[in-house]
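Mind looking over this structure? Questions follow.
The values are calculated or read from the model by the stated rules, or taken from the named source; none is laboratory data. Here the structure is a predicted model, which means the values were calculated and not measured. Using ideal geometry, Cβ is built from the backbone for each residue, glycine included, and neighbour counts are taken over all protein chains shown. In case anyone asks, the SASA skips ligands and DNA or RNA and just uses the protein heavy atoms, side chains included. Shrake-Rupley method; radii C 1.70, N 1.55, O 1.52, S 1.80 Å.
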Amino acid sequence: MSQSHYECLFLLDSAKAAGNMDGTRSQLHATLEKYGAEIIASRPWDDRRLAYPIKGHKKGLYYLTFFKADSLKITEMEHDFRLSELVLRHMVSHIDPKWVTEMTEVAKDEH
């Protein structure tokens, strides 16, 4: 079981996410924890108009999450994200070990 650090940027349905941010956070964390991920930082990033409609939505909420997880579980995790009605798009990126400290500090910064 090889644990690695990852960053996931979600594009969420603004209408569903903005009204219930605690529920949104809980839903995203539940999916990550279902696959044994350890959440390091998680926060809303930006709510903005999209350059082009995605699944009929013209506005979306970007949500940033840093976590540590088993690399073999990422594919299954991404499958659950694709099935979620809340998630319009997502991008999971592996973080190189030499950047983990710096990236985590940036993720925890609210500005």
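Quick one: what are the phi-derived ³J(HN,Hα) couplings along region 70-76, Karplus 6.51/-1.76/1.60 with θ = phi - 60°, whole Hz, x for glycine and proline?
In residue order, the calculated couplings are 5, 4, 6, 9, 4, 4, 5 Hz.
Treating the beta-carbon of each Lys and Arg as +1 and of each Asp and Glu as -1, no other charges, what is the dipole magnitude of the chain about its Cα centre, to the nearest 20 debye? Could the numbers behind the result be given before it?
Working: 15 positive and 17 negative charges, 99 e Å.
Here the size comes out at about 480 debye.
Using a 1.4 Å probe, what is the accessible area per residue for the chain, in Å²?
Numbers: 6720 Å² over 111 residues.
The answer is 61 Å² per residue.
Can you compute the charge dipole magnitude of region 1-53 about its Cα centre, using +1 on each Lys and Arg Cβ and -1 on each Asp and Glu Cβ, nothing else charged? Give it in debye, rounded to the nearest 20.
Details: 6 positive and 7 negative charges, 30 e Å.
Magnitude of the dipole: close to 140 debye.
Next up: How many nm separate the modelled label positions at residue 58 and residue 22, each set 7 Å beyond the Cα in the direction of the Cβ?
3.3 nm
Give 59/98; 16/58; 73/98; 34/58; 16/68 a once-over and call out the pairs whose C-alpha atoms are over 24 Å from each other.
59/98; 34/58; 16/68, as the Cα separations exceed 24 Å there.
Place +1 on the Cβ of every Lys and Arg and -1 on the Cβ of every Asp and Glu in the chain, take the dipole about the Cα centre, and give the residue among 75, 8, 86 whose Cα lies farthest towards its positive end.
Farthest along the dipole direction, towards plus: 86.
For the chain, what % of the accessible area comes from carbon and sulfur atoms, probe 1.4 Å?
Numbers: 3460 of 6720 Å².
Carbon and sulfur: 51 percent of the exposed surface of the chain.
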